[in-house]
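Here the structure is laid out as structure tokens; the discussion comes afterwards.
All of the numbers you see were taken from the coordinates with simple rules; none came from a lab. None of these values were measured; they are calculated from a predicted model. Note that each Cβ is placed from the backbone with ideal geometry, even for glycine, and that neighbours are counted across all protein chains shown.
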Ligand code: TYD
Ligand code: MG
């Protein structure tokens with residue numbers, strides 16, 4: 001290769017982490033930002049104000065119109081107060097949980113990214129959204145790059161009646177998509193998925209960082225220029241060659257993630273970013289044969305699988321957006337066989353657990369230094385709210401002492417390093433939720449006892465975690481060794497080992 005071309009090439013391209021979107025000028029084996037291995041992908045540097053293709057040849061068809069809401073061709077500075085506010089009505093989609101997460105409905109002219117693991121239900125959610133919006137009279141264009149028209153039709157039939165104004169296009173060429181959109185002029189455009197779209201004039205196959213960014217940018221301009229609401233579906237990937245949705249997070253208006261354990265039926269829809277509303281809101285769905293169904297009372301759903309009272313379980317009330325969610329947490333404390341005991345969590349921050357364990361060790365006197373501690377949150381949920389500290393600590397103490405938490409107890413409180421319980425926000429809402437679900441008592445930070453008073457439930461004020469453990473654990477459960485073959489008896493597989501020497 002001639003030297004000149006090589007130099008010109010390296011000048012123009014950077015390396016992007018396809019997992020987190022981090023940009024570096026040099027190739028890297030491990031992303032300095034997120035620590036992922038083998039995720040470097042070469043792509044042209046984003047030119048100021050947008051497309052990497054800007055400045056080369058005639059402006060592309062999808063370039064923003066002069067004066068459009070976004071783009072370099074603004075009308076110069078002017079007094080903010082004099083900017084006309086167009087009355088933008090949101091379109092309620094009829095999927096209440098999705099509407100709430102979006103901040104009250106679909107916003108015309110917005111670009112929303114819907115991310116999630118493959119197979120989690122993104123296409124299903126988008127198709128349901130497309131159906132309900134079309135049924136409400138909106139013109140919807142569903143672009144599928146992954147499935148054939150027939151496949152989408154089959155799925156749509158399972159989800160509900162298919163309105164006439166729902167149009168389908170199986171296409172992966174971005175220009176063809178924009179051409180179709182210009183023709184159809186939809187109110188809502190769904191691109192499923194952004195990783196299958198590609199611009200023919202750009203280097204790199206579909207899914208490469210460069211393609212994904214350029215396609216998203218073109219659709220951003222389309223959304224702002226046409227006032228259509230555009231939804232992009234993006235798979236979370238761990239492969240270096242395919243760019244994940246995080247590469248796009250900074251350029252879209254809202255980022256929703258659909259999460260959940262693949263083999264459990266609950267799905268949680270969460271906003272990671274939202275220019276039109278709060279990011280704390282969370283919607284809960286259940287995957288059924290007829291698509292995603294909204295779970296009206298998630299607390300009940302997350303608790304319904306409780307079987308009796310076992311040591312090591314506790315119920316916490318996590319405030320998710322405007323609503324308190326009652327969730328069961330489980331802890332298992334076991335003698336460690338390693339020099340460094342393990343702290344393993346699922347759905348809870350590991351460092352936060354380490355801190356809670358240190359407080360339990362120093363302020364309560366639990367000797368956890370020689371024990372492994374495992375913590376799990378039920379329902380595939382992730383807890384990151386400080387009000388759940390007390391419940392977690394109780395679960396750990398309960399497992400360690402082998403004494404169950406008293407039946408029907410909710411525990412709320414943030415723990416300080418001194419083991420004292422701090423105030424939590426909206427205590428009354430959390431206690432009310434527990435009362436509505438038939439809980440008997442709620443342990444709350446002592447200083448909030450009067451705020452927490454609620455009809456039909458006993459409020460137990462606790463000042464420290466030590467006090468909570470003293471008051472809320474029941475009688476010790478004797479552990480009997482599990483019934484099994486007596487030790488020393490030959491294992492059946494050892495006796496019947498085939499091919500043994502004779
Ligand atoms: P899908 O929406 O295709 O996932 P994604 O687009 O995120 O890759 O959902 C795939 C899974 O959902 C698949 O395993 C089947 C299941 N599913 C149902 O259980 N019920 C349904 O009605 C539908 C349409 C899908
Ligand atoms: Mg899909």
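In terms of overall dimensions, the C-alpha atoms belonging to the range 402-465 reach 32, 32, 13 Å along their principal axes, ordered largest to smallest. Calculated FRET efficiency, residue 335 to residue 265, Cβ-Cβ distance, R0 = 35 Å: about 0.50 to the nearest 0.05. The C-alpha radius of gyration of the range 364-440, expressed as a fraction of 2.2 N^0.38 Å, stands at 1.19.
Overall, the anisotropy analysis places the range 175-291 in the prolate class: the square-rooted eigenvalues a ≥ b ≥ c of its C-alpha gyration tensor yield a/c not less than 1.5, with a/b exceeding b/c.
Packing here is the average count of other Cβ atoms within 10 Å per residue, and on that basis the peptides 103-111, 396-404, highest first, run 396-404, 103-111. The simple Förster model, with R0 at 22 Å and r as the Cβ-Cβ distance, assigns residue 147 and residue 185 a FRET efficiency of 0.35.
Descending by average beta-carbon neighbour count within 10 Å, the peptides 140-147, 321-328 line up as 140-147, 321-328, the highest first. If R0 equals 41 Å, the separation of the Cβ atoms of residue 455 and residue 162 corresponds to a calculated FRET efficiency of about 0.30.
The modelled label-to-label distance for the pair residue 436/residue 85, using points 7 Å beyond Cα in the direction of Cβ, is 3.1 nm. You can think of it this way: the chain between residue 418 and residue 362 has 19.3 nm of extra reach, that is 0.36 nm per residue less the Cα-Cα gap.
For residue 45 and residue 280, the difference between the fully extended length at 0.36 nm per residue and the C-alpha to C-alpha distance is 81.3 nm. The protection proxy used here, the mean number of other Cβ atoms lying within 10 Å of each residue, ranks peptides 435-445, 450-460 as follows, highest first: 435-445, 450-460.
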